[in-house]
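Have a look at the structure below, then the notes.
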Amino acid sequence: AFVKAQKTKAYFKRFQVPFKRRREGKTDYRARIRLTNQDKNKYNTPKYRFVVRFSNKDITAQIISANITGDMVLATAYSHELPRYGLDVGLTNYAAAYCTGLLLGRRVLKLLEMDDEYQGNVEATGEDFSVEPTDTRRPFRALLDVGLIRTTTGNNVFGALKGALDAGLDIPHSDKRFAGFSKDSKQLDAEVHRNYIYGGHVAAYMRILMEDEPEKYQSHFSEYIKRGIEADNIESLYKKVHAAIRADPSAKKSEKAPPKQHKRFNLKKLTYEERKAKLIDRLHTLNAAAGVDSEDED
Amino acid sequence: MPAGHGLRSRTRDLFARPFRKKGYIPLSTYLRTYKIGDYVDVKVNGAVHKGMPHKFYHGRTGRVWNVTKRAIGVEVNKQVGNRIIRKRIHVRVEHVKPSRCAEEFKLRKVKNDQLKAEAKAKGEVISTKRQPEGPRPGFMVDGATLETVTPIPYDVVNDLKGGY
């Protein structure tokens, strides 16, 4: 049957290709413009954004400032670093996000030598905590950049935000989206939030499964069971992790062997000089051959 | 109905975005910094409606005299009647580009300073003034053969072949 060509040549001629990162679906430019735009009368003062991104098995928290040549990362913390502080499992939950945010915050403050001045909230209650500026230096200010996630109440991104706030960073926020905020009473229930920070919701699920479906408990929480983590000692585990993070937030360089050279299957692109040189050689050989031929003819 | 001379009259094409360049504008326009005394080109970006200059200033180059939160104050020359007035306008950064008119001068300044420093070290006296291009030097012509051309005598019969 004859099907009319939908995407004609005219369609392609008029098609405007979106920005690369929009094509990849990774950057929201509307938000990015508003986050990175610095007041012109502040000239080159960097405007830092606290970037939190989730992958399926990892959390990335970074402090980034924008630049024409490319954004510069000031400090970064991944949840796959948490095993160093004693947390091996549940690396993408609310509690792990809190730990990652806390790790990043302490790391940045240590980098800028502000970590003694700004201790932040050492004991994690779930209450809304904002840093008080001391007399000597103003606190480190960053703006939360969530990326493309849907900002619903209780999203793990806000767990990371809470971690950074408790670390002592100044991030403008409201408590509306923290876990435990109830829409009806328009208030944050600090107890519930604290429960989430210490993995209480995970512990509750563990208890429910142990009661009702022990086989599912065995399969779902197998890694927890392997490490002897039970519903009752989850909170103390996270307390230890927080303390370890505050004790030594410095980044550790990982020793990796240099990547091995792979065999090249396609031709390497020549530089301009190499191409010109090749052309000159070809002309020389052609002239030499032509010279020989014309001599023979004559 | 008469034509109307509103603020944006006759700017249908002037303020239009170029073909296939509509939508969000690249971030580098927002990330540039401008200092007082820099030269900037005013080029209106039709996608941003705030802080647009009047169409007269589109394509003009001026100096920065003020920097505010989101806009730049630019001093542009405008001919009004028999004189040129220095007009001060405020324009949002989306409608402004850093001008390259002074770029060659800045580079030459740096190079001249370097040349002068080198000459001073060697003890010579050099002039870094630019010279205009002079007349071309003389040259010998190689491989020229002489071909003498003379007129042929007029042949009445043959040349009047067509119309007679």
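Every read-out reported here was derived from the displayed coordinates using simple, explicitly stated rules and does not represent laboratory data. Owing to the predicted nature of the structure, the values given are computational and were not obtained by experimental measurement. When we count neighbours, we look across all protein chains shown, and the Cβ atoms used for this are built from the backbone with ideal geometry, even at glycine.
Name the longest site-free stretch of chain B, where the excluded sites are GluC sites (Glu not before Pro) in a DSSP loop with no more than 14 other beta-carbon atoms within 10 Å.
Working: sites that count: B:Glu124, B:Glu133, B:Glu147.
Excluding the exposed sites themselves, the longest stretch runs over B:1-123.
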Checklist outcome for this item: Neighbour-count ranking for B:Ser9, A:Ser65 (other C-beta within 10 angstrom, fewest to most) reads B:Ser9, A:Ser65
Next on the checklist: Sort A:Leu112, A:Leu74 by Cβ crowding within 10 Å, fewest neighbours at the top.
Outcome noted: A:Leu112, A:Leu74
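With the convex hull built on the Cα atoms of region A:33-74, state its orientation-averaged projected area in nm². Intermediate values should be presented prior to the final figure.
Values: hull surface 14.1 nm².
Computing the convex hull of the Cα atoms and averaging its projections yields 3.5 nm².
Direction-averaged shadow area of the convex hull around the Cα atoms of region B:54-140, nm²?
Working: hull surface 47.8 nm².
Taking a quarter of the hull surface, the average projection is 12.0 nm².
Determine the relative contact order of region A:1-88: mean sequence separation of Cα pairs under 8 Å and six or more apart, normalised by residue count, in whole percent.
15
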Checklist entry - Taking +1 at the Cβ of each Lys and Arg and -1 at the Cβ of each Asp and Glu, which of A:Ala124, A:Ala247, A:Phe50 sits farthest along the dipole of region A:17-247 towards its positive end, judged by Cα position relative to the Cα centre? => result A:Phe50
Next on the checklist: Counting other C-beta atoms within 10 Å, and keeping those with at most 12, which DSSP coil chymotrypsin sites (Phe, Trp or Tyr not before Pro) do you find in region A:1-105?
Outcome noted: A:Phe2, A:Phe15, A:Tyr43
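Count charges around A:Asp175 for me, please; just the other residues with Cβ under 12 Å from its Cβ, Lys/Arg as +1, Asp/Glu as -1.
Numbers: positive: A:Lys162, A:Lys176, A:Arg177, A:Lys186; negative: A:Glu127, A:Asp128, A:Asp189.
Spelling it out: positives minus negatives among the neighbours equals +1.
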Next on the checklist: How high is the relative contact order of chain B? Use alpha-carbon pairs under 8 Å, at least six apart in sequence, and give a whole percent.
Outcome noted: 17
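With a sphere of radius 11 Å drawn around the Cβ of B:Tyr34, what net charge do the other residues whose Cβ falls strictly inside it have (Lys, Arg +1; Asp, Glu -1)?
Working: positive: A:Lys40, B:Arg32, B:Lys35, B:Arg63, B:Lys97; negative: B:Asp38.
Around B:Tyr34, the charge tally is +4.
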Item to check | For region B:35-164, with +1 on Lys and Arg beta carbons and -1 on Asp and Glu, the positive-most of B:His54, B:Tyr154, B:Ala102 along the dipole | outcome: B:His54
Checklist entry - How big is the shadow of the Cα convex hull of region B:12-98, averaged over all directions, in nm²? => result 6.0
Checklist entry - In whole Hz, what ³J(HN,Hα) sequence does region A:92-104 give by Karplus (6.51, -1.76, 1.60; θ = phi - 60°), x for Gly and Pro? => result 10, 8, 4, 5, 5, 4, 4, 4, 5, x, 5, 4, 4
Checklist entry - Assigning unit charges at the beta carbon (Lys, Arg +1; Asp, Glu -1) and nothing else, what dipole magnitude in debye, to the nearest 20, does the protein assembly as shown show about its Cα centre? => result 2480
Checklist entry - Residues with amide H under 5 Å of A:Arg141's amide H, sequence separation 5 or more or different chain, H placed in the peptide plane at 1.01 Å from N; which? => result A:Asp170
Item to check | Order of B:His90, A:His262 under a 10 Å beta carbon neighbour criterion, fewest first | outcome: A:His262, B:His90
Next on the checklist: Please list, ordered by chain and number, the residues whose modelled amide H lies under 5 Å from the amide H of A:Leu74; skip anything fewer than 5 residues away on the same chain.
Outcome noted: A:Ile63, A:Ile64, A:Ser65
Checklist entry - In debye to the nearest 20, how big a dipole does chain B give about its Cα centre with +1 on each Lys and Arg Cβ and -1 on each Asp and Glu Cβ? => result 1940
Checklist outcome for this item: Relative contact order in percent for chain A (Cα pairs under 8 Å, 6+ apart) equals 16
Checklist outcome for this item: Taking region B:8-58, the equivalent ellipsoid from its C-alpha gyration tensor has semi-axes in Å, biggest first, of 21, 16, 9
Next on the checklist: Check which residues have an amide H placed less than 5 Å from B:Val96's amide H, if you skip close sequence neighbours.
Outcome noted: B:Lys43
Item to check | Whole-Hz ³J(HN,Hα) from phi, Karplus 6.51 cos²θ - 1.76 cosθ + 1.60, for region A:143-153, glycine and proline x | outcome: 10, 5, 10, 8, x, 10, 7, 7, 8, 9, 4
Checklist entry - How big is the equivalent ellipsoid of the protein assembly as shown along its three axes, where each semi-axis is √(5λ) from the Cα gyration tensor, reported in whole Å from largest to smallest? => result 66, 35, 29
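Mind putting a number on the dipole of region A:17-247 about its Cα centre? Charges go on the C-beta only, +1 for Lys and Arg and -1 for Asp and Glu, and I need it in Debye to the nearest 20. Please report the intermediate quantities before stating the final value.
Numbers: 35 positive and 31 negative charges, 300 e Å.
In debye, rounded to 20, region A:17-247 gives about 1440.
Counting pairs of Cα atoms in region A:217-298, how many percent are more than 15 Å apart?
On the way: 2690 of 3321 pairs.
That fraction is 81 percent.
Count, for each residue of B:23-34, the Cβ atoms from other chains sitting within 10 Å of its Cβ, then give me the mean as a whole number.
6
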Item to check | Base-10 log of normalised Debye intensity for chain B (one unit scatterer per alpha-carbon) at q = 0.15, 0.18 Å⁻¹ | outcome: -1.00, -1.17
Next on the checklist: Within 10 Å of each candidate Cβ there may be at most 10 other Cβ atoms; applying that plus a DSSP loop requirement, which chymotrypsin sites (Phe, Trp or Tyr not before Pro) in region B:3-32 survive?
Outcome noted: B:Phe19
Checklist entry - Any idea what angle helix B:103-122 forms with the longest principal axis of chain B, computed on alpha-carbon atoms, 0 to 90 degrees, nearest 10? => result 80
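Counting only GluC sites (Glu not before Pro) that are in a DSSP loop and have at most 10 other C-beta atoms within 10 Å, tell me the longest site-free stretch of chain A. All intermediate terms of the calculation are to be shown ahead of the outcome.
Numbers: sites that count: A:Glu24, A:Glu113, A:Glu123, A:Glu255.
Free of exposed loop sites, the longest segment is A:124-254.
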Item to check | Surrounding net charge for A:Leu112, when Lys and Arg each add one and Asp and Glu each subtract one, Cβ distance under 12 Å | outcome: +2
Next on the checklist: With just the Cα atoms defining each centre, how far is region A:50-87 from region B:83-135? Give it in Å.
Outcome noted: 44
Checklist outcome for this item: For region A:10-16, in residue order, the Karplus 3J(HN,Hα) values (coefficients 6.51, -1.76, 1.60; θ = phi - 60°; whole Hz; Gly and Pro = x) are 5, 4, 5, 5, 9, 5, 9
